[in-house]
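K.L.:
Take this structure first; my questions come after.
The values are calculated or read from the model by the stated rules, or taken from the named source; none is laboratory data. It should be emphasised that the depicted structure is a prediction, and the values quoted were computed from it without experimental measurement.
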Amino acid sequence: MSADLAVAIAVSLVSALAYAAAAVAQERLAARTAADGSGGLVRLLTAGAWWGAVGLNATGALLHVVALRFGPLTLVQPLGALTLVAAVPLGARYAGRRVARLEWRGALLTLGGLGLLMYAASGPAPEDSLTLTEALAVGATTLLLIGALGRRGRTPGLRHATASGIASGIASALTQTVTVALAAPGKAAPPVLQTVLVALLVAAFATAGLLLAQTAYRSGLGAPLAVVTLTNPLAASVVGLVLLGERLHGGAAGILPALAGALAAGAGVVALSRAAARDAREPREPETGAGPAGAPAPGAAAQPA
């Protein structure tokens, strides 16, 4: 394993921990506001726990950008699913309960699947970046997908979660194209207009991912969270493989472990989401204070996009 790849993995793990801590604080705050019937956006903007979660999300995002500078999208994005695995013991700890057997099973399946994905994705560090035309085409296609998924119909929570994952994954792909273009040695810096336009697309899709996830969670946290977690790396990896010249380890033979890893990780995420849904149906003790790190006291868990 190269030094750059090791840095990408280590930074991605710390980023996942920051996201997980933010997720627990956000879900617990959502559970408390739902229990007391308080308002949504205004209540969040006046809650210290919310701003603590925003700070943790920002930290996770910055670390994610650093990881993308040293590792390929096909590696860094799947590692983001570790946020869900880390949130399991954190959520159980703050809820004052033990981690359920189904949660452990889901965590192990997810970790095993991620291990296979990491092997398949352990190619060279990224060297290519999207042109302005490619970035705009990716942006337009993403907007069309989000528009189609956002239409009225059945299962709005799952559709909005899918749109959230796509938006966040595309934001990561565009972020990498900016960081690689700016930091590539021996290459001329990209035109200012191109950098600004791509940065605006990153901000727009990152914000859209966050808002779409918030909308999806109106249908609960279990299934929408699983869909966001799976769709995010899938969208980013498609861009990396199709447009950025990234390749799977072992060429065509690398497809088999990648598929096996994706299936295992998917099964793990589904098991974790089922456990979270089952926990949400159980009676909760009244919340009386604030937990550590600005998180409201005993509640549940949610994931950033």
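K.L.:
Condition test on VAL24, is it modelled with pLDDT of 70 or more, closer than 17 Å to VAL85 by Cα and hydrophobic (A, V, I, L, M, F, W, C)?
P.N.:
Numbers: modelled with pLDDT of 70 or more: yes; closer than 17 Å to VAL85 by Cα: yes; hydrophobic (A, V, I, L, M, F, W, C): yes.
Taking the combined requirement at face value, the residue satisfies it.
K.L.:
Within region 45-92, which residues are β-branched (Val, Ile, Thr), within 13 Å of the chain's Cα centre (by Cα) and under 19 Å from THR177 (Cα atoms)?
P.N.:
Passing the criteria: VAL65, VAL76.
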